[in-house]
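Student: Here it is, the structure, as structure tokens.
What follows draws every value from the coordinates through simple rules; no lab data is involved. The shown structure was predicted, so the numbers you read here are calculated from the model rather than taken from an experiment. Note that each Cβ is placed from the backbone with ideal geometry, even for glycine, and that neighbours are counted across all protein chains shown.
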Amino acid sequence: MFDRVRSSYDGVMSYLILLLLILGLVFGPGIWVRRVLDRYSEPADRYSGTGAQLARHLLDQQGLHEVTVESTQDGDHYDPTDKAVRLSEDKYGSRSLTAITVAAHEVGHAIQDHQAYAPLRLRTYLVRVAKPMERVGAGALMMAPFVGMLTRAPSIGVVMFAAGFLTLATSTLVHLATLPTEFDASFAHALPMLDQHNILKDVDRPHARRLLTAAALTYVSASLMSLLNIARWWAILRR
């Protein structure tokens, strides 16, 4: 009897540990990225220029006069189609360490595009392909419970759920596969530019490295969080 209870206890503990590991994998990167970005967003007037002004200065120094700098509500990114560095409002007009570091990171992507950096082109193509696949996956997950009930064949619902899972997970796989592109933008371009133009205060350089790592992980952390949608649909499907 004791052995049976002990075995059951060990099983529950193993399940809890596995659950905590999964939650840590999904939530951990996003929490760390957000914490780092928020931490160095204050003071908002630490530097003499805003994120937008620094991006414009660095682009001009690189001869990329045709690349525009714009404010956006869709998150910080570089658009290789429109040739635009887009910064969220809290980076665009802020003079914080976070603002100038993230701006330099996005300029790094503009330089990659100008240099016809193959991994960036591959990432752009994969992201473009992944978007319709995500919509297909979301549709499959929405239809899976209803198809299972209408056909009275749970296996069909499971197959549709698996298809939805694979398509929604595509975004995460794309960002993981192209993560070197993000680190190249941060440490082969952004940090050297910040050093070359003496932008950073000496005490801020190690913090800037941390921020550039967070900037590189932003898409991965966001796509990991999106996997929670799959867990929600799995719970619905099992009912």
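Student: Between Ala44 and Leu176, what is the FRET efficiency for a Förster distance of 35 Å, r being their Cβ-Cβ separation, to the nearest 0.05?
Tutor: 0.60
Student: Which order, highest average first, do 110-118, 34-42 follow once you tally other Cβ atoms within 10 Å for each residue and take the mean per peptide?
Tutor: Put in order of decreasing packing, that is 110-118, 34-42.
Student: Next question, about the same structure. Give the aspartates and glutamates whose C-alpha is closer than 18 Å to that of Lys83, dropping any in the same chain fewer than 8 places away, or say none.
Tutor: By straight Cα distance, Lys83 reaches Asp60, Glu66, Glu70, Asp74, Glu106, Asp113, Glu182.
Student: In whole Hz and in residue order, list the ³J(HN,Hα) couplings for the stretch 92-104 that follow from phi through the Karplus curve 6.51 cos²θ - 1.76 cosθ + 1.60, θ = phi - 60°; x for Gly and Pro.
Tutor: Whole-Hz 3J(HN,Hα) from phi for the stretch 92-104: 4, x, 8, 10, 7, 4, 4, 4, 6, 6, 5, 4, 5.
Student: Kindly write out, for the stretch 39-44 in residue order, the coupling ³J(HN,Hα) from the Karplus curve 6.51 cos²θ - 1.76 cosθ + 1.60 (θ = phi - 60°), rounded to whole Hz, with x marking Gly and Pro.
Tutor: 4, 9, 7, 10, x, 6
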